[in-house]
Amino acid sequence: MIRVLVVEDSKTVQKALVAALEADPELRVVGTADSGEEAVEAAGTLRPDLITMDINLPGMDGFQATRAIMSNCPTPIVVVTGKLDPRDSDTLFRVMQAGALMVLGKPTAPGTPEHAESVARLVHHLKLMSEIKVVRRSFPEARALAALPAARPAVPGNAGQVKVIGIGASTGGPPLLQRILSSLPEDLNAAVLLVQHMAEGFTENFVAWLKHSSRLPISLAQDGMPIEPGQVLVAPDGHHLEVAPGNRVALSLAPPDNGLRPSVAALFRSLARYCGRQSAGVLLTGMGSDGAKELKLLRQAGGITIVQNRESSVVFGMPGEAIRLDAASYVLPPEEIIELLTRLAAPAPALLSRS
């Protein structure tokens with residue numbers, strides 16, 4: 001039995017969420033909260049297995065409540081919210097940076113054709129997230145993160161050839177990707193193609209959030225656009241992101257891979273096929289095994305393959321599977337991933353001066 005605390009200020013929506021969750025025999029709603037203050041208190045007294053968190057709450061909002069809960073009584077938190085205006089992207093992803101594991105849309109209203117499917121999707125993800133072991137968060141400021149001593153992993157011989165970097169992430173990925181992309185230099189001599197598993201409808205907000213802190217231009221990928229150095233292209237909702245002949249983007253509606261579209265597997269497969277030694281693949285925190293086998297294909301094709309280490313991963317599923325398959329050339333924490341990517345795709349003079 002998974003014990004759930006529902007945080008939602010609308011009594012109508014709260015009642016519908018409770019009914020939807022309790023219709024599943026494996027879920028039990030042990031409490032509800034109408035405000036962030038109530039959520040923090042209930043988390044401490046009820047000790048639920050999982051919390052569903054709304055963002056827009058009276059008084060203490062969902063961001064502040066998540067920070068307080070993760071600082072005092074760490075609990076898996078899933079943001080359950082309606083489709084947000086892009087102007088709300090800062091709040092949405094700050095909640096994830098504070099420790100929320102995932103963002104999901106609220107089920108459609110009872111009686112609508114999509115209601116049963118939307119409830120089933122929500123329940124499925126909540127069950128998965130309840131199994132994640134979370135840790136207490138201390139929330140160092142960005143300056144402190146930037147001040148971490150940068151290690152210098154050995155740079156492989158084909159470093160100067162890397163023109164495309166593929167990155168795949170799932171649970172726990174958004175704040176880590178913000179950290180990585182905000183640290184890469186504006187003269188990066190490679191394109192970055194990014195697949196982040198995310199509930200449909202939130203990817204546009206995710207891109208808007210990343211733009212605020214990155215020195216590189218970031219946009220949703222479009223079919224047929226050229227892949228050029230110094231840009232970050234993000235897989236849009238419902239489409240695989242792949243490299244096509246002629247160094248162009250291909251967006252595909254091919255069937256889901258590992259149950260996912262976009263999938264990291266499709267991106268890494270295309271890098272192995274068309275880029276080989278001119279590419280690098282990075283597999284970050286996430287559940288499941290998406291991209292692990294394909295990362296090995298990329299390594300066999302001569303690409304540089306990097307996996308996040310266990311200690312820094314929110315969920316070690318995808319990185320752990322890649323390591324098990326011997327797909328990783330490097331197993332590194334985030335600060336060393338940043339350092340290695342910067343050196344792999346440095347302009348030629350900078351690369352020579354640092355070698």
_Looking at the range 281-312 only, could you name the residues that are under 19 Å from PRO333 (Cβ atoms) and either open to solvent by 40 Å² or more (accessible area, probe 1.4 Å) or polar (S, T, N, Q) (or both)?_
THR285, THR305, GLN308, ASN309, ARG310, GLU311, SER312
*Evaluation of GLY238 against (1) within 21 Å of GLY281 (Cα to Cα); (2) open to solvent by less than 40 Å² (accessible area, probe 1.4 Å); (3) under 17 Å from the mean Cα position of the chain (by Cα); (4) not hydrophobic (A, V, I, L, M, F, W, C) (one fails), failing number*: (1)
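Step by step: first the residues of the range 261-275, then only those that are in contact with a His (Cβ under 7 Å, 6 or more places away or on another chain) and open to solvent by less than 40 Å² (accessible area, probe 1.4 Å), then the one that is nearest to GLN300 (Cα to Cα). Which residue is that? Write out each step before concluding.
Step one: filter the range 261-275 for residues in contact with a His (Cβ under 7 Å, 6 or more places away or on another chain), giving 261-263, 266.
With open to solvent by less than 40 Å² (accessible area, probe 1.4 Å) added as a condition, the list becomes 262-263, 266.
On the way: PRO262: 23, SER263: 20, ALA266: 16 Å.
My answer is ALA266.
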*All but one of (1) of a type in the set (Val, Ile, Thr); (2) crowded, with 21+ Cβ neighbours inside 10 Å; (3) under 27 Å from ASP88 (Cα atoms) hold for VAL243; which doesn't?*
(3)
*Check off (1) open to solvent by 10 Å² or more (accessible area, probe 1.4 Å); (2) touching a strand residue (DSSP E or B) at 6+ places or on another chain (Cβ under 9 Å) for ASN258 and give me the number that stays unchecked.*
(2)
_Cβ-Cβ under 8 Å pairs, at least 6 apart or on other chains, the range 311-324 side farther than 21 Å from SER130 by Cβ and of a type in the set (S, T, N, Q), far side open to solvent by 20 Å² or more (accessible area, probe 1.4 Å) and assigned to a loop (DSSP other than H, G, I, E, B)_ = SER312/PRO333
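Step by step: first the residues of the range 178-224, then only those that are charged (D, E, K, R) and more than 19 Å from GLY281 (Cα to Cα), then the one that is modelled with the highest pLDDT. Which residue is that? Walk me through how you get there before you give the answer.
Taking the range 178-224 first, the residues charged (D, E, K, R) are 179, 186-187, 200, 204, 211, 215, 223.
Filter once more, keeping what is more than 19 Å from GLY281 (Cα to Cα): 186-187, 200, 204, 211, 215, 223.
Details: GLU186: 95, ASP187: 95, GLU200: 84, GLU204: 92, LYS211: 94, ARG215: 95, ASP223: 98.
Selected residue: ASP223.
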*So which residues in the range 313-338 are within 17 Å of the chain's Cα centre (by Cα), among the β-branched types (Val, Ile, Thr) and open to solvent by 10 Å² or more (accessible area, probe 1.4 Å), if there are any at all?*
VAL314, VAL315, ILE338
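For (1) touching a residue at least 12 places away in the same chain (Cβ under 8 Å); (2) acidic (Asp, Glu); (3) farther than 19 Å from VAL162 by Cβ, each residue gets a yes or a no:
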position: SER219; (1), (2), (3): yes, no, yes
position: GLY224; (1), (2), (3): yes, no, yes
position: GLU228; (1), (2), (3): yes, yes, no
position: GLN231; (1), (2), (3): yes, no, no
position: VAL243; (1), (2), (3): yes, no, no
position: ARG261; (1), (2), (3): yes, no, yes
*Filter result (open to solvent by less than 50 Å² (accessible area, probe 1.4 Å) and part of a loop (DSSP other than H, G, I, E, B)) within the range 91-107*: ALA98, GLY99, ALA100, LEU101, PRO107
_Would you confirm whether or not the range 145-162 contains a residue that is open to solvent by 30 Å² or more (accessible area, probe 1.4 Å), more than 30 Å from ALA272 (Cβ to Cβ) and at pLDDT 85 or above?_
no
_As an exercise: evaluate LEU341 against (1) in a helix (DSSP H, G or I); (2) open to solvent by 20 Å² or more (accessible area, probe 1.4 Å) and give the number of the one condition it does not meet._
(2)
*LEU122 fails exactly one of the following numbered conditions: (1) touching a residue at least 40 places away in the same chain (Cβ under 8 Å); (2) assigned to a loop (DSSP other than H, G, I, E, B); (3) open to solvent by less than 40 Å² (accessible area, probe 1.4 Å); (4) within 18 Å of THR81 (Cβ to Cβ). What is the number of that condition?*
(2)
*asked:* Based on this model, can you work out whether SER213 counts as open to solvent by 10 Å² or more (accessible area, probe 1.4 Å), closer than 27 Å to VAL315 by Cβ and touching a residue at least 12 places away in the same chain (Cβ under 8 Å)?
replied: yes
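The values are calculated or read from the model by the stated rules, or taken from the named source; none is laboratory data. Remember, it's a predicted structure, so these values are computed and weren't measured experimentally. Cβ sites come from the backbone with ideal geometry, for glycine too, and all protein chains shown count toward neighbours. Just so you know, the surface numbers come from the protein's heavy atoms only, side chains and all, with ligands and any DNA or RNA stripped out. Shrake-Rupley method; radii C 1.70, N 1.55, O 1.52, S 1.80 Å.
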